[in-house]
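Note sheet for the following structure.
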Amino acid sequence: MNIGVIGTGYVGLVAGACLAESGNDVWCVDSDAAKIEKLKAGAIPIYEPGLPEIVERNLREERLTFTTDLDAAVKKSFVIFVAVGTPPAPDGAADLTAVFQVAAAIGRAMDRYKVIVVKSTVPVGTSEKIREILKKETDQPFDLLSNPEFLKQGAAVEDFMKPDRIVVGADDVRAAEILRDLYAPFVRTGSPVLLVDVRTAELLKYAANAFLAARISFMNEIANLCETVGANVDMVRKALASDSRIGPAFLFPGVGFGGSCFPKDIKALIDTGRKHKYGMQILEAVDAVNQGQAARFVEKIRKHFEGNLRDKRLAVWGLSFKPRTNDMRDAPSIKIIESLLADGAAVAAYDPEATDEAKRIFDGRIQLSSSNYGCLEGADALLIVTEWQAFRKPNFERIKGMMRQPVLFDGRNIYDPAQLRQLGFTYYSVGRA
Ligand SMILES: NC(=O)c1ccc[n+]([C@@H]2O[C@H](COP(=O)([O-])OP(=O)(O)OC[C@H]3O[C@@H](n4cnc5c(N)ncnc54)[C@H](O)[C@@H]3O)[C@@H](O)[C@H]2O)c1
């Protein structure tokens with residue numbers, strides 16, 4: 001099948017590459033000409049395990065084309081996915097500017113029947129607005145489907161290739177069948193394809209993210225209480241995780257969730273409620289707990305140094321919003337480092353994949369190392385902010401030998417408190433009194 005994917009970010013690039021991998025001819029479009037030039041040369045602008053190999057193979061076998069020419073891509077394609085960003089507007093609503101621009105451009109380019117699929121995460125009712133925009137721009141027939149994406153950055157290729165489920169929001173069953181057919185290679189092991197109406201599809205994507213975020217904020221709140229009353233969140237978490245009604249996922253306390261989805265999607269869902277005069281009380285609390293979590297971590301650091309960070313040198317391990325991605329959008333590391341810099345601390349940091357992003361964000365205000373040990377020389381404390389696998393079993397003697405004082409703030413609970421204390425560290429973590 002000939003397919004167009006508009007927007008080659010984390011979602012569009014993975015979707016386009018994986019659809020090409022299953023034999024389709026895919027035109028990936030982006031308005032960012034520099035990104036398209038890189039992609040044409042086989043350079044992947046994001047860190048996503050497994051993606052370079054698939055892009056390289058499908059470029060070589062000429063099933064994947066990168067272009068800025070949306071008009072040509074639409075004309076060549078039968079199914080067109082919209083995968084542009086929907087970032088937060090200042091009031092928390094989803095900014096739909098790019099989605100609407102792309103809808104109008106698709107409409108203008110249409111020369112015959114097309115199936116248009118909204119993959120971007122959009123608030124309830126957006127597809128109806130897109131339909132109106134398309135109708136204004138074209139007399140050609142089309143079907144409009146909603147197909148929210150559930151992939152996780154860091155495991156995006158695997159998630160796209162083996163999804164837990166595919167959701168197709170459609171008001172026309174025949175059009176939905178086209179998408180079911182396209183996804184058939186990915187659901188051979190029996191994952192369901194859920195056919196729902198368009199509004200339900202739009203809403204359920206937000207519900208999924210909001211629920212996962214709620215689990216994290218819930219655990220953070222319990223961890224904070226553990227610290228206050230002298231209990232151990234590790235054991236609380238294990239007890240909850242082994243309860244078959246609860247399950248183990250998304251129960252790790254830490255410095256709060258970040259990334260390009262949870263924070264913005266919660267705010268957008270709260271905004272949807274507000275617009276329909278329904279107060280999303282649980283989500284307001286999820287957001288509030290999350291906002292406070294990074295600040296609480298910084299407070300521990302301040303307290304240890306008796307409120308004076310002015311002459312302190314702090315080493316930070318992990319900058320991306322989670323491991324296995326270079327994405328720093330809304331990463332807790334930014335809030336934490338900005339607070340420490342405002343207090344006058346000097347910060348040296350290391351991240352396996354997010355150094356370029358960090359250079360752009362901090363613009364020379366922090367030192368960036370090319371290895372995890374590289375940022376430790378003379379440090380007054382080491383902060384674990386993102387739990388990359390390579391940080392889990394470091395050489396603690398080497399760490400201690402490089403630091404001015406062996407103080408460790410573990411924002412992800414990756415070390416054993418008893419072991420760290422035995423090694424001579426002053427060790428702080430989250431919810432483990
Ligand atoms: N990142 C995730 O893990 C994830 C998971 C599921 C759903 N989503 C949703 O998918 C959507 C895309 O997310 P993302 O993380 O891939 O975003 P992204 O910012 O990484 O990518 C968006 C791309 O769209 C391009 N673009 C913007 N305006 C354009 C236009 N007018 N024409 C052509 N291209 C244009 C940008 O240049 C960029 O390359 C969002 O709605 C997001 O909420 C994201």
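In table form, for the structure just shown:
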read-out	value
Top-ranked residue in segment 125-162 [being among the basic types (Lys, Arg) and not in a helix (DSSP H, G or I); ranked as farthest from the ligand (Cβ to nearest atom)]	LYS162
Subset tally (residues that are in contact with a Gly (Cβ under 6 Å, 6 or more places away or on another chain) and part of a helix (DSSP H, G or I)) for segment 274-302	4
Residue identified as more than 10 Å from the ligand (Cβ to nearest atom) and on the phi < 0 side of the Ramachandran plot among VAL118, VAL122, VAL173	VAL173
Selection within segment 89-106 - open to solvent by less than 20 Å² (accessible area, probe 1.4 Å) and either at positive phi or more than 9 Å from the ligand (Cβ to nearest atom) (or both)	GLY92, ALA93, ALA103, ALA104, ILE106
In segment 376-412, residue nearest to the chain's Cα centre (by Cα) [restricted to those that are within 18 Å of ARG324 (Cα to Cα) and open to solvent by less than 10 Å² (accessible area, probe 1.4 Å)]	THR386
ASP181 out of contact with any helix residue (DSSP H, G or I) (no Cβ under 7 Å at 6 or more places or on another chain), in a helix (DSSP H, G or I) and within 13 Å of the ligand (Cβ to nearest atom)	no
Filter result for the condition that a residue is farther than 25 Å from ALA268 by Cα, over 19 Å from the mean Cα position of the chain (by Cα) and away from the ligand (no atom under 16 Å from the Cβ), over LEU59, LEU64	LEU59
Whichever residue in segment 67-79 is among the aliphatic types (A, V, I, L, M) and more than 12 Å from the ligand (Cβ to nearest atom) and, among such residues, is surrounded by the most Cβ atoms within 10 Å (Cβ to Cβ)	VAL79
Candidates THR200, THR189 - the one that is touching a residue at least 12 places away in the same chain (Cβ under 8 Å), polar (S, T, N, Q) and within 30 Å of ASN290 (Cα to Cα)	THR200
Residue identified as of a type outside the set (Lys, Arg) and part of a loop (DSSP other than H, G, I, E, B) among ALA379, ALA418	ALA379
Pair list, Cβ under 7 Å, 6 or more apart: segment 310-332 residue closer than 15 Å to ILE361 by Cβ, other residue within 14 Å of the ligand (Cβ to nearest atom) and of a type in the set (Val, Ile, Thr)	ASN326/ILE46
Count of segment 1-26 residues which are within 13 Å of the ligand (Cβ to nearest atom) and either open to solvent by 40 Å² or more (accessible area, probe 1.4 Å) or of a type in the set (A, V, I, L, M) (or both)	7
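The values are calculated or read from the model by the stated rules, or taken from the named source; none is laboratory data. Every value quoted in this text rests on a predicted model; they were computed, and no experiment measured them. All Cβ positions, glycine included, derive from the backbone under ideal geometry; neighbour counts span all protein chains shown. Ligands, DNA and RNA are excluded from the accessible area calculation, which covers all protein heavy atoms including side chains. Shrake-Rupley method; radii C 1.70, N 1.55, O 1.52, S 1.80 Å.
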